Structures are given as structure tokens and as C-alpha cells.
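The values are calculated or read from the model by the stated rules, or taken from the named source; none is laboratory data. Remember, it's a predicted structure, so these values are computed and weren't measured experimentally. Cβ: placed from backbone, ideal geometry, glycine included. Neighbour counts: every protein chain shown. What goes into the accessible areas is simple: the full protein's heavy atoms, side chains included, and nothing from ligands, DNA or RNA. Shrake-Rupley method; radii C 1.70, N 1.55, O 1.52, S 1.80 Å.
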Amino acid sequence: MGAAMPDLQAAVDDFCTKLRRRQVEGSMDTAKFTALLLRQVISHQRIPPSAQASTLIDAVKSVGLRMIDANRLELAIGNVVRRVLHIIREEDASLETDGVTGINLITDSDDENDGYNIAQSGVSAAAVAAANRSALRAPSLHNLLEWIPSSGATTTVGPTITDPEVRSRSSDKNSRSWKLKHSVIEGVNELLNDIENYHSQVAEQALEHIHQNEVILTQGRSRTLLHFLLEARKKRSFQVFICEGAPRYDGHILAKELAEADLQTTVITDSAVFAMISRVNMVIVGAHAVMANGGVIGPVGLHMVALAARRHAVPFVVLTGLHKLCPLYPHNPHVLLNDMRSPSEILDFGDVSDCLDDTTGGPRLRAVNPAFDYVPPELISLFITDSGGHNPSYLYRLVAEYYSPEDFAL
């Protein structure tokens, strides 16, 4: 990415450093900063007359891989990189389709004197294939955009190529480069808007799922969950049980926020989930990431809550944004990495300092403090996303809509 400005390279380096130091954490913040930086990369990238889409793809990949390697626990970074690559491919295919459509209007003419074939038009067979693929693709937001040719561009029909026609085709190429970059940036802006507003879009569905006098159980602290419950509180009266979320006790913070909003809230210990689940009408939780098979990566202890809900036939609902949907599967050990936090959150060193091996000096007592838990799809009842509610078995269609198979393995 030699064409990038030095300040852009410095911004990428600074973001990667913050990711390594855990100064930027959480799916929303990492996804937002990733999209902003990739938009700058696209804006600064110079596009040659040929191989326009591949130039943008290579530039986005080179920067995206650096950000992914900086913190592989934040799967939202890779999700946004793949989403941007998908936008580039869709916009490029859309422009190819528009070019082929114009040629088809000529070749379908009944006039025998208009025998102008695709080979003479200068459009490659790849463009024709792209048009055919586009016709078979499921409709999405990006491939519905139509290309409007610039007013200065002219189309010449005939086997003879003159100098004005060469200049016109050169102008078309320049116009196509500008249009490709402009359309991709618009697509990234839409992605940024979705990331920033998904809390409110998910919260708008709260009244459809939470009813009067219900008891809701949750675990972990999630901004999406907070907005969802507060939105339901406007017209519903219900009670919330919150697992305290040891050893970081995020549940205490969420309980305080809900109590300040005059919502009846009860804090329970994590070990009391099975004892209290029989009183619960629904379990609603947030997610760190959602895998392609419908499994969820969430705060540690979430799997136990899901098992308790299944045992007592209580619906287990997950709130998530589409930027958390990862096209990868959890059977890959490099995908299902866990964050091992400091043992000091569990044990104070002063209390166990005498538990050392007299021979080697090593500890006889060890502490393991994982941050995440994996919940398989068979324990999940429903996903509520910014695009609506979906069953776990439907997520593969969302993956096909928002990601390209070529970008699954970066």
C-alpha cells in the first residue's frame, strides 16, 4: 500500500498498538475503528485503469491482516474486513453488469446493420460472466445500486475505432475508477451507520419479546442488553435477575444501571442459576461474537446459563449486531481462542504466597481465569439482530448475504 499517506500508516500503527495493549476492546469499538481506517485506506488508494477491484482488495487485505494479528480475540475486526471486501466485490460486479447490459441492448437489435458483437465492444468475457453471476445472486443492498454514466462519456457503435473513440473509452475507464471508489466508500459509510446504530435497532424490537410481569434472567454486561431492557421498561413492567458475573462482577454494574432506571432488579450469584431458573420466563443475553453455525461466544459462565434454560424449557435469546456475525466455524482452534485473564482477579497473591514448592520454587496452586464461554447453537432459541429475529439455522443465509466465500480465509 505504497500510495497511502504517512499519517494513515501512523493511524494504522497506533490502532494496532492499542489493540495489543487492550486499550481498545469490545466488538462495537473495534468494529467501528476498523471500518473508519479501512475507509481511509480506500480513499487514499490510487486505482489503476486495469485491475481496479483487485487493487482495492489487496490494499484492504494488507491493512486488515495487520489489525487482525494485533488482537485475534476481537473477531469483529476480521468481520468488518471481510464485509468491506464483500462490498468491493459487489460494487465491481455491479459495474461490470451495467457495462454488459448496455451491450446487450445493441446486440438484441433487429437491424442487420447493427451486427456489433461483444468482442468488438472491448468488454471481456469475464464481464459477461459477472453479469450472469449477478443475475443469479440474491439481492442485497449493494448490488441494487445502479451506475449512472457520466454525461461526458459517449458510446460508439461500429467496427472502426477512431481517436475520439479511444479518448472516450479512456474517459469511461477513469469514470469507472471513480465510481467504484465512490460506491465502495458509500457502502462502508452504510456499514459504519449500522454499527453505530445497531443498539437502537435491536432495542426497537423489545416490546415484541418482553411482556407484562415477566421475569428475565441475564448474565454479563452488554450495552445492547441495557438499551433493550430500558426500551421495554417504557411500556412494560417486569423483573430482571442478573448473575453477578464473577470474578469481574460486570453484573453489579448492569444492576445499578437498571435500578437507576426504576427497573426491579435482583442480583444473584453465578452458582444460583439452576436454583432460580424455574422462576424465569426468558433468558436474554448479549454476545461477543456469533459463529457461522449459530454458536455464540459470550462471557464465561454463559454455557451454564444456557444449559439451565434448556433443562427448564426457558427460551434463550441472544441480542447481537450483524457486525458480530463471523463466517468462520468454531471447530477451528485458532477461531475459538480464549482470553486467559490475570489470576489476581480470583486469588490474592498474599493469601497463597506460602503455597510454593519448596524444591522448585514454583506454585503448587494454580488459577485459571478464562474470559469467554462458547454456547452451541442447539441451546439457543432466537437471535435478535438489527435486521430482525432469526433462528440459529438461518444464520448461514446471512453469512452468504454479507460475506464472499473468497474472503473466509484471509
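Structure above, values below:
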item	result
Complete set of residues in the stretch 302-329 that are within 16 Å of the chain's Cα centre (by Cα) and under 26 Å from Ala246 (Cβ atoms)	Val318, Leu319, Thr320, Lys324
Any hit, the stretch 209-225, residues being open to solvent by 30 Å² or more (accessible area, probe 1.4 Å), in a helix (DSSP H, G or I) and under 30 Å from Ile346 (Cα atoms)	yes
Residue in the stretch 287-294 that is more than 30 Å from Val81 (Cα to Cα) and in contact with a strand residue (DSSP E or B) (Cβ under 9 Å, 6 or more places away or on another chain) present	no
Flag if Leu356 is open to solvent by 30 Å² or more (accessible area, probe 1.4 Å) and modelled with pLDDT under 85	yes
Given (1) open to solvent by 60 Å² or more (accessible area, probe 1.4 Å); (2) at pLDDT 95 or above; (3) more than 24 Å from Glu91 (Cβ to Cβ), index of the condition Phe241 fails	(1)
Residue ID - surrounded by the fewest Cβ atoms within 10 Å (Cβ to Cβ), chosen from residues in the stretch 244-292 that are of a type in the set (S, T, N, Q) and without any contact (Cβ under 8 Å) to a residue 60 or more places away in the chain	Ser278
Flag for Ile77 being of a type in the set (Val, Ile, Thr), touching a helix residue (DSSP H, G or I) at 6+ places or on another chain (Cβ under 6 Å) and modelled with pLDDT of 95 or more	yes
Hits in the stretch 53-64 - residues which are in contact with a helix residue (DSSP H, G or I) (Cβ under 6 Å, 6 or more places away or on another chain) and either buried (at least 22 other Cβ atoms within 10 Å of the Cβ) or at pLDDT 95 or above (or both)	Leu56, Ile57, Ala59, Val60, Val63, Gly64
Residue within the stretch 65-78 that is surrounded by fewer than 18 Cβ atoms within 10 Å (Cβ to Cβ), over 18 Å from Glu186 (Cβ atoms) and among the polar types (S, T, N, Q) present	no
Single residue of the stretch 296-333 satisfying the filter (among the basic types (Lys, Arg) and in contact (Cβ under 8 Å) with a residue 60 or more places away in the chain) that is least open to solvent (accessible area, probe 1.4 Å)	Lys324
Pairs with Cβ under 6 Å, 6+ apart, first in the stretch 53-64 and within 11 Å of Leu410 (Cα to Cα) and in contact (Cβ under 8 Å) with a residue 60 or more places away in the chain, second among the aliphatic types (A, V, I, L, M) and open to solvent by less than 10 Å² (accessible area, probe 1.4 Å)	Gly64/Val81
Residue within the stretch 33-44 that is under 15 Å from the mean Cα position of the chain (by Cα) and open to solvent by 80 Å² or more (accessible area, probe 1.4 Å) present	yes
